[in-house]
Amino acid sequence: MIDLINLQPTKVSRDLGGKFLLIYGSPKIGKTSFAANIPKNLLLAFEKGYQALPSIYAQDIKSWSDFKKVLRQLEKEEIQEKFKTVTIDTVDIAWKLCTTYICAQHGVKELGEIPWGRGWTLASDEFHESFRRLSMLGYGIVFISHEDVRVESVGDDKSVEIIKPKIDKRAYRIVNSMVDLIGYISLEFDEEGKSERFIYARSTPNIVAGSRFQYLPGKLPFNYELLVNELAK
């Protein structure tokens, strides 16, 4: 029920619960392990990347219809007590299953075969409405994606390597409008050859990232507790 008289001001939680994140990086760099640290997290496995993670709640998603069935269950009060965050692993595949779903509804193999270019609009609307519905239920959402490394020309026969999420541009626009943080996970080596993982929370000339949290450092070691503490600050 809408009751504006008793409406309370928003409060920003001091952890990752209830927040919307997009994290991306190379395979096996720790994206799913990171999400598994979030309390009361439901992992929707559009691809199986959780076999080495103990004691997590993971539901395999083989089709967009599977995802819609999960959405209906997430509306139940007892499910909302059990889970507070939903992880989409990976959003790249979620978009592909969404387009396959729309194609099947219209008896075609490609979205472009639907007349008047409506296929792309139908897929975008279905994708957006499904995740809008999930967000309005009160769950936090963690989108996981792979990295896409491209070499782009910058003129005068020069080029630069750009790293960004490997998501279709239509799906990316939807996800980008929702999330509070886009974090890129990198593996970097020092002069002695020792490696350390970092998460970029601000864009650089080469890396796509971003944050709605004004005082969050642009780069910090990739560690769940550390990120939570920095957000709390």
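The values are calculated or read from the model by the stated rules, or taken from the named source; none is laboratory data. All of these numbers come straight from a predicted model, not from anything done at the bench. Every residue, glycine among them, receives a Cβ derived from its backbone with ideal geometry; neighbour counts consider all protein chains shown. Note: accessible area is taken over every heavy atom of the protein model, side chains too, but ligands, DNA and RNA are not part of it. Shrake-Rupley method; radii C 1.70, N 1.55, O 1.52, S 1.80 Å.
All of Glu129, Glu161 fail the test of being of a type in the set (Asp, Glu), modelled with pLDDT of 95 or more and out of contact with any helix residue (DSSP H, G or I) (no Cβ under 8 Å at 6 or more places or on another chain), apart from Glu129. Of the residues in region 132-152, at least one is within 17 Å of the chain's Cα centre (by Cα), open to solvent by less than 20 Å² (accessible area, probe 1.4 Å) and more than 23 Å from Tyr184 (Cβ to Cβ).
Surrounded by fewer than 20 Cβ atoms within 10 Å (Cβ to Cβ), on the phi < 0 side of the Ramachandran plot and among the basic types (Lys, Arg): is that true of Lys28 in this structure? Judged against the criteria, Lys28 is not a match. Pairs linking a residue in region 50-79 that is without any contact (Cβ under 8 Å) to a residue 60 or more places away in the chain to a residue that is open to solvent by 40 Å² or more (accessible area, probe 1.4 Å) and among the basic types (Lys, Arg), with Cβ atoms under 9 Å and 6 or more positions apart or on different chains, are Tyr57/Lys40; Tyr57/Lys82; Ala58/Lys48; Asp60/Lys48. Among the residues of region 157-177, those identified as of a type in the set (A, V, I, L, M, F, W, C) and farther than 14 Å from Ile93 by Cα are Val160, Ile162, Ile163, Ile174.
For region 32-68, enumerate the residues that are open to solvent by less than 60 Å² (accessible area, probe 1.4 Å), at pLDDT below 90, in a loop (DSSP other than H, G, I, E, B) and small (Gly, Ala, Ser). If the condition is that a residue be open to solvent by less than 60 Å² (accessible area, probe 1.4 Å), at pLDDT below 90, in a loop (DSSP other than H, G, I, E, B) and small (Gly, Ala, Ser), then Gly49 is the only one that fits.
Within region 82-103, if we keep just the residues that are among the polar types (S, T, N, Q) and part of a helix (DSSP H, G or I), the residue that is least open to solvent (accessible area, probe 1.4 Å) turns out to be Thr99. Counting only residues that are in contact with a Leu (Cβ under 6 Å, 6 or more places away or on another chain) and part of a strand (DSSP E or B), region 104-140 holds 0 of them.
So in region 185-196, with the set limited to residues that are among the small types (Gly, Ala, Ser) and not in a loop (DSSP other than H, G, I, E, B), which one is surrounded by the most Cβ atoms within 10 Å (Cβ to Cβ)? Applying the filter and picking the extreme gives Ser186.
Being surrounded by 10 or more Cβ atoms within 10 Å (Cβ to Cβ) and part of a loop (DSSP other than H, G, I, E, B) is the filter; apply it to region 1-25 and report the residue that is modelled with the highest pLDDT. Top of the filtered list is Lys19. For region 202-221, the tally of residues that are touching a residue at least 24 places away in the same chain (Cβ under 8 Å), over 18 Å from Lys164 (Cβ atoms) and open to solvent by less than 20 Å² (accessible area, probe 1.4 Å) stands at 1. Residue count for region 69-81 under the criterion of being surrounded by 13 or more Cβ atoms within 10 Å (Cβ to Cβ) and either hydrophobic (A, V, I, L, M, F, W, C) or not in a helix (DSSP H, G or I) (or both): the result is 4. Checked against the criteria, Val175 does not count as of a type in the set (A, V, I, L, M, F, W, C), touching a strand residue (DSSP E or B) at 6+ places or on another chain (Cβ under 6 Å) and either part of a strand (DSSP E or B) or surrounded by fewer than 18 Cβ atoms within 10 Å (Cβ to Cβ) (or both).
Note on region 111-131: residues that are open to solvent by less than 50 Å² (accessible area, probe 1.4 Å) and either of a type in the set (Ser, Thr, Tyr) or touching a residue at least 24 places away in the same chain (Cβ under 8 Å) (or both) amount to 6. Can you tell which of Ile167, Ile199 is open to solvent by less than 30 Å² (accessible area, probe 1.4 Å) and part of a loop (DSSP other than H, G, I, E, B)? Every option except Ile167 fails the conditions.
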